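Asks: What follows is a structure written as structure tokens; I'll ask about it next.
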Amino acid sequence: MQIVHTIADLRAALAGQGRPAFVPTMGNLHEGHLSLVRTARQHGDIAVASIFVNRLQFLPHEDFDSYPRTWEADCAKLQAEGCDLLFAPREADLYPEPQVFKIQPDAQLADILEGHFRPGFFTGVCTVVMKLFSAVFFASGGGTAVFGKKDYQQLMVIRRMVQQFALPVDIVAGDTARAEDGLALSSRNGYLSGQERQQAMALSQALRQLAQAARSGQAPLAELEARAMQSLAAQGWAPDYLTVRLRSDLQQPASAQQLSDAPLVALGAARLGSTRLIDNLEF
Ligand code: PAF
């Protein structure tokens, strides 16, 4: 696996290599990321990953400084997975001057849920992804990028950005990798204490129960969502949201008909101790 740090070196390494299949990451790689790399290998001529902890998508009080950086282990995992090229820019390589031009995503999609609780998050994500796409797909004029469904809203925002800017990039979604007890794999799981780790699967369980209750129309949706939040809170969590949305646009189902028939997704975000976890379930 070749490792490059600058955009110029990346473009040079990609010249004449065909169409890249790209997996952007912030490092601290786990099985979820590696399964995205395996997917990427089936979708392009050269599998490219990036590792960059993007300051622009963290709020001042969030965990940018403490975000786990595990460079040696990440390189070994990517190498073992057959990744061909790793782009690992330093901050000065990607942001040589303050990034004053930014991508402002559609508020209807990006200011709800995660965007409501983490204002500016999707602007930071879209801005860095646009820059990474420009770096990775410059030589080939296009290719494929793989994003995990674990970050469901992020996947939808990126798809919409690609569509709105007519970017020559096919977005492929990778399924969420889970531990045996159902906990979605996440770099932030490493923050959990032993006891919190035992409780952490409660979020995916709560989403499963909410999805079942919503589909069977047991009670008005708002009531079911409130109950799900109360139940998690009673187990020591601080939930931001547990909600059922249309898969098409993440808006609330507008009718009983939609609740019983439409493709839906239950999404949740909640803090356990000082760790904020997110998860979702399509149904
Ligand atoms: O999902 C992530 O790890 C990040 O949001 C991404 C897409 C790499 C952008 O920094």
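Asks: In the range 219-274, which trypsin sites (Lys or Arg not before Pro) fall in coil by DSSP and have 15 or fewer other Cβ atoms within 10 Å?
Replies: Those that pass, being in a loop and sparsely packed, are Arg247.
Asks: Find which of Cys83, Gln99, Tyr67 sits farthest along the positive direction of the dipole of the range 19-123, computed with +1 on the beta-carbon of Lys and Arg, -1 on that of Asp and Glu, about the Cα centre.
Replies: Among Cys83, Gln99, Tyr67, the one farthest towards the positive end of the dipole of the range 19-123 is Cys83.
Asks: Whole-Hz ³J(HN,Hα) for each residue in the range 145-150, computed from phi via Karplus 6.51 cos²θ - 1.76 cosθ + 1.60 with θ = phi - 60°, x for glycine and proline: what do you get?
Replies: 10, 10, 10, x, 6, 3
Asks: Charges only on Cβ, +1 for Lys and Arg, -1 for Asp and Glu: so what's the dipole of the range 135-283 about the Cα centre, in debye to the nearest 20? Write out the running numbers ahead of the final one.
Replies: Numbers: 14 positive and 13 negative charges, 31 e Å.
In total the dipole reaches around 140 debye.
Asks: Something else about it: Could you tell me the center-to-center distance, by alpha carbons, between the range 227-283 and the range 144-222 in angstrom?
Replies: Measuring centre to centre over Cα atoms gives 10 Å.
Asks: Full extension from Asp261 to Ala238: what is 0.36 nm times the residue separation minus their Cα-Cα distance, to one decimal in nm? Please list the in-between numbers first.
Replies: Working: separation 23, 0.36 × 23 = 8.28 nm, distance 3.10 nm.
Gain on extension, Asp261 to Ala238, equals 5.2 nm.
Asks: Each label point is 7 Å from the Cα along the Cα-to-Cβ direction; what then is the distance between the points at Glu31 and Arg90, in nm?
Replies: That separation, rounded to one decimal, is 3.6 nm.
Asks: About its Cα centre, how strong a charge dipole does the range 1-57 have in debye, to the nearest 20, once Lys and Arg get +1 and Asp and Glu get -1 at the Cβ?
Replies: Details: 5 positive and 3 negative charges, 17 e Å.
The calculated dipole for the range 1-57 is roughly 80 debye.
Asks: Could you please report the charge total around Ile171, scoring K, R as +1 and D, E as -1 over all other residues with beta-carbon less than 13 angstrom from its beta-carbon? Show your work: numbers first, answer last.
Replies: Numbers: positive: Lys149, Arg159, Arg160; negative: Asp151, Asp170.
Result for the neighbourhood of Ile171: +1.
Asks: Whole angstrom only: what separates the Cα centroid of the range 86-133 from the Cα centroid of the range 1-73?
Replies: Their Cα centres are 15 Å away from one another.
Asks: Pull up the DSSP beta bridges for the chain and report the antiparallel fraction as a percent, rounded to 5. Mind dumping the intermediate values first?
Replies: Details: 18 of 38 bridges.
Antiparallel: roughly 45 percent of the beta bridges in the chain.
Asks: If you place +1 on the Cβ of every Lys and Arg, -1 on the Cβ of every Asp and Glu, and leave all else neutral, what size is the dipole of the chain about its Cα centre, to the nearest 20 Debye? Don't skip to the end; give the middle numbers.
Replies: Working: 25 positive and 29 negative charges, 41 e Å.
Computed about the Cα centre, the dipole is about 200 debye.
Asks: What lysines could a cross-link reach from Lys77, if we take a straight Cα to Cα line under 27 Å and drop same-chain neighbours fewer than 8 places away?
Replies: Lys131, Lys149, Lys150
Asks: Can you list the residues, at least 5 places off or on another chain, whose amide H is less than 5 Å from the amide H of Thr176, using H built in the peptide plane?
Replies: Long-range HN contacts for Thr176: Lys149, Lys150.
Asks: Using 1/(1 + (r/R0)^6) with R0 = 30 angstrom and r between the beta carbons of Asp175 and Phe138, what's the FRET efficiency to the nearest 0.05? Walk me through the numbers on the way to the answer.
Replies: Working: r = 29 Å, r/R0 = 0.98.
That gives a FRET efficiency of 0.55.
Asks: Rounding to the nearest 10 and keeping the result within 0 to 90°, find how far the Cα-based axis of helix 202-215 lies from the longest principal axis of the chain.
Replies: With rounding to tens, the tilt is 60 degrees.
Asks: What nm value, rounded to one decimal, do you get for the distance between Asp249 and Ala226 when each label is placed 7 Å out toward the C-beta?
Replies: 2.7 nm
Asks: Between Asp65 and Gln205, what is the label-to-label distance in nm when each label sits 7 Å out along the Cα-to-Cβ direction?
Replies: 3.6 nm
Asks: Can I ask one more? Loop-only chymotrypsin sites (Phe, Trp or Tyr not before Pro) in the range 118-214, please: DSSP not H, G, I, E or B, and at most 16 other Cβ atoms within 10 Å. If you can, show how the numbers build up before the last one.
Replies: Details: sites: Phe121, Phe122, Phe133, Phe137, Phe138, Phe147, Tyr152, Phe165, Tyr191; in loops: Phe138, Phe165.
Sites meeting the loop and neighbour criteria: Phe138, Phe165.
Asks: Go ahead and estimate [θ] at 222 nm for the chain from helices alone: -39,500 (n - 2.57) per DSSP H run with n ≥ 4, summed, over the residue count, rounded to 500.
Replies: -11000 deg cm²/dmol
Every number here is computed from the coordinates shown, using simple stated rules; none is lab data. Only a predicted model underlies this, so the values are computations on that prediction, with no experimental measurement involved. All Cβ positions, even for glycine, are placed from backbone atoms using ideal geometry, and neighbour counts span all protein chains on display.
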